[in-house]
Structures are given as C-alpha cells and as structure tokens.
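Asker: To start, I am sharing the structure in question, which I have written as structure tokens.
The values are calculated or read from the model by the stated rules, or taken from the named source; none is laboratory data. These numbers were taken from a predicted model, which means no experiment stands behind them. Neighbour counts are summed over all protein chains in view; Cβ atoms, including those assigned to glycine, are modelled from backbone coordinates with ideal geometry. The protein model used for the area step is the full one, side chains on, heavy atoms only, and it has no ligands, DNA or RNA in it. Shrake-Rupley method; radii C 1.70, N 1.55, O 1.52, S 1.80 Å.
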Amino acid sequence: MAADTPRTTRRDPAENPWFYPHGSASAAGWDINLGTPDAEEKPPGWTHTGLRTVDLAAGGSISLPAQEEERIVVPLSGSFSAGVAGESYDLSGRDSVFAGPSDVLYTGIQSPLTISSEQGGRVAVASAPAEESYPVRHISASDIPVELRGAGVASRQVHNFGTPAALEADRFIVCEVLTPAGNWSSYPPHKHDEEADGETALEEIYYFEMQAAAGAPVPSQSEGGPDVMGYQRVYASDDRPIDVTAEVRSGDVVLVPYGWHGPAMTPPGYDMYYLNVMAGPGPVRQWLISDDPHHGWIRQTWDAQSIDSRLPFGG
C-alpha cells in the first residue's frame with residue numbers, strides 16, 4: 001500500500017455504515033470487497049457499484065468467476081497480467097498511484113477473470129451489475145485522457161479512463177483523481193442522487209491512497225510519524241439522513257449513496273489519491289451533477305487563478 005500508518009479513526013457500523021477503514025470489508029481473498037456478489041459486507045440499499053482490492057505477492061494470482069457484472073482492472077502499484085475469456089493482457093503498471101496513469105483493462109460482462117503479477121503489487125477491480133455486453137478493451141497509459149480540473153487550491157488531476165467519452169460500457173463510470181498536498185478536491189460540494197434536468201442518479205465509491213508530499217521533511221516512524229491522512233465529507237441534500245466526516249488513510253473507502261459530497265481535503269504535507277466508481281439506475285450513462293447552491297459560486301473564482309504548478313503528477 002502507499003503508506004502504512006497508525007489508525008486513530010475506527011469504524012462503528014451502527015453510527016457510520018458508509019466508511020470502511022482498510023481491512024474492515026475483506027472477503028473471498030480481497031482486502032476490500034464491497035458491493036459485489038461475493039462481498040460479506042452489505043451496505044444498506046447499496047445496489048449499483050462494487051470494488052475489490054488486493055495485494056498480490058510476487059508470482060501470486062487471484063481469480064473471479066463469470067458474473068453479471070462489468071469490470072475494469074486498475075493497477076495501483078506494480079504490473080499485472082489479466083486473463084479474460086482465453087486471452088491474456090499485459091498491464092504495464094506504475095510504482096504507485098502518484099506516478100501517473102497505468103494501463104487498465106475493461107472486461108465486459110460474464111467474463112471469468114484471472115489477475116497475476118510476476119513481481120507483485122496492488123490492484124483494484126471496479127465493477128457494476130450490468131446486462132449489455134461490450135467488448136474487452138485494453139487501454140494503455142499513454143491513451144488515458146488526463147484532465148487538470150479546478151484552479152488554485154482546488155486544483156486536481158483526473159484520469160478519465162472509464163468515463164463515457166473514453167470507454168464504451170453498460171453502466172459504470174470510473175476515474176481516478178489526484179490532489180496535491182493542502183488542496184481541496186470534489187469541490188464545490190455536489191450531488192448526483194436523482195434523475196432530473198441536468199442531473200443523473202449515481203451512487204459512488206471513493207477508494208483512497210495517501211502519500212507524504214515530495215520534499216516534505218517526514219520524520220521517521222521511530223520519531224512518531226508520519227500519520228498520512230486526509231478527510232472526506234458527505235452530508236444530506238434532502239430528507240434522507242447522511243452525515244459523514246471521515247479521516248481517511250491509504251486503503252480506506254467512503255461510500256456515497258446520495259447527498260452532497262465534498263470536499264475531499266488533503267492537509268499540507270500529504271498528497272491524496274482516490275479511485276471513483278459510479279453507477280445508477282438511470283437510462284443514460286452520464287455524470288451530471290448539481291452543486292450545493294451555498295458553494296457553487298466557487299467555480300467562478302477559478303477563471304482568475306492558475307492550475308497548481310505541482311500538477312501533473314508523474315510528469
């Protein structure tokens with residue numbers, strides 16, 4: 001994982017069913033397994049998205065049977081081979097999620113999948129229950145659209161490999177976002193929890209990894225550090241109650257079933273990464289959002305600001 005740090009925030013499922021610290025939702029050989037047919041944790045009402053992550057040792061492998069779900073394989077660290085429907089695909093990976101985009105693989109539905117790694121590494125598999133079949137697609141790192149979004153302290157970097165403009169798929173929308181130390185991401189707060197004019201209903205998964213920022217004078221573990229962490233906020237947009245302020249570290253997950261979400265905040269000294277998986281019941285696969293009207297005006301300030309010069313990560 002990106003950083004092994006002490007845990008000061010634990011999950012109480014009775015109080016917060018939407019926050020999963022690393023290792024609290026393991027099943028079927030995966031250290032995170034949420035929203036899938038083989039998951040043991042069942043978030044209330046969770047229907048449209050799934051996520052699995054695992055650390056593979058050198059020479060290790062893990063398999064999934066054919067199921068009514070589409071999948072996309074995302075190397076987080078290391079390189080992998082993925083076997084789908086009798087074909088093998090080499091996924092050139094990366095040292096970490098902060099080293100730039102990685103090759104990814106879309107599998108379609110009803111496709112058995114085996115992932116292996118000669119050198120070992122960490123890999124995620126995003127999924128969504130689906131019905132329509134789309135072809136397997138290997139997307140190389142060099143072909144992934146990289147977007148620099150926002151400006152000033154709201155600058156972040158988005159890898160749009162699983163968005164409608166970049167990938168033909170049935171249900172899900174998948175991307176990853178990198179935020180430099182001290183910046184605010186998923187900002188202004190927004191929602192996508194109803195089918196309406198200018199908005200689509202999408203539940204969303206945030207999977208986090210964190211690192212100490214380049215050049216930061218990080219103390220050793222023997223000196224009491226670092227505790228590399230950030231924060232994620234989710235709050236109610238209507239009469240459905242939700243109130244999440246989670247202290248997140250590498251390997252943690254926050255689920256957004258509905259409501260305003262954002263900001264994802266990374267303190268000075270710590271860079272933030274998150275993998276987003278979205279899908280919903282609507283007839284059209286689109287990411288259409290509404291800003292919290294108390295904060296949407298922030299977008300107008302970006303025209304007078306520059307993108308953070310620390311972007312892009314990985315050159």
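Asker: Hey, what D do you get for the stretch 200-315 in µm²/s if you plug the Kirkwood alpha-carbon radius into Stokes-Einstein at 25 °C and 0.890 mPa s? Intermediate results must be reported in sequence, preceding the final value.
Answerer: On the way: Rh = 16.6 Å.
Approximately 148 µm²/s, per Stokes-Einstein.
Asker: Multiply the residue gap between S63 and E132 by 0.36 nm, knock off their C-alpha separation, and tell me the result in nm, one decimal place. Spell out each step's value before the answer.
Answerer: Working: separation 69, 0.36 × 69 = 24.84 nm, distance 2.24 nm.
This chain segment gains 22.6 nm when fully extended.
Asker: For volume of the Cα convex hull per residue in Å³, several values are listed as (i) 132; (ii) 226; (iii) 160; flag the one computed from this structure.
Answerer: This structure yields the entry labelled (i).
Asker: Give me the Å³ per residue figure for the convex hull around the C-alpha atoms of the stretch 37-178.
Answerer: Numbers: hull volume 17.6 nm³, N = 142.
Per-residue hull volume (Cα only) is 124 Å³.
Asker: Provide the net charge surrounding G121, with neighbours chosen by a C-beta distance below 11 Å and charges set as Lys +1, Arg +1, Asp -1, Glu -1. List each step's numbers first, then the result.
Answerer: Working: positive: R94, R122; negative: D55, D95, E118.
That works out to -1.
Asker: Okay, next question. Counting other C-beta atoms within 10 Å, and keeping those with at most 10, which DSSP coil trypsin sites (Lys or Arg not before Pro) do you find in the stretch 6-108? Write down the numbers at each step before the final one.
Answerer: Working: sites: R7, R10, R11, R52, R71, R94; in loops: R7, R10, R11.
Loop-located and lightly packed - R10.
Asker: Within the stretch 243-284, find all residues whose amide N lies under 17 Å from a label point positioned 7 Å from the Cα of A27 along Cα-to-beta-carbon.
Answerer: Under cut-off, by backbone N: 253-256.
Asker: Looking at the calculated P(r) for the stretch 74-133, what percent of the C-alpha pair distances fall above 16 Å?
Answerer: Details: 778 of 1770 pairs.
For the stretch 74-133, the share of Cα pairs beyond 16 Å comes to 44 percent.
Asker: If you count only protein heavy atoms with a 1.4 Å probe, what accessible area per residue comes out for the chain, rounded to a whole Å²? Display every interim value, and only then the final one.
Answerer: Working: 12790 Å² over 315 residues.
Roughly 41 Å² per residue, with all protein chains present.
Asker: Sort out for me the Cα centre separation of the stretch 27-67 from the stretch 93-132, rounded to whole Å.
Answerer: Between the Cα centres of the stretch 27-67 and the stretch 93-132 lies a distance of 12 Å.
Asker: Excluding A214 itself, calculate the net charge of residues whose Cβ lies under 10 Å from the Cβ of A214, where each Lys or Arg counts +1 and each Asp or Glu counts -1.
Answerer: Working: positive: R310; negative: D271.
Computed value for this residue: 0.
Asker: Can you tell me which of D143, D227, D271 moves the most in a GNM of the chain? Springs connect C-alpha atoms under 10 Å apart.
Answerer: D143
Asker: Computed over the Cα atoms of the stretch 107-215, what is the ratio Rg over Rh, Rh following Kirkwood?
Answerer: Values: Rg = 16.4 Å, Rh = 16.7 Å.
The Rg/Rh ratio comes out at 0.98.
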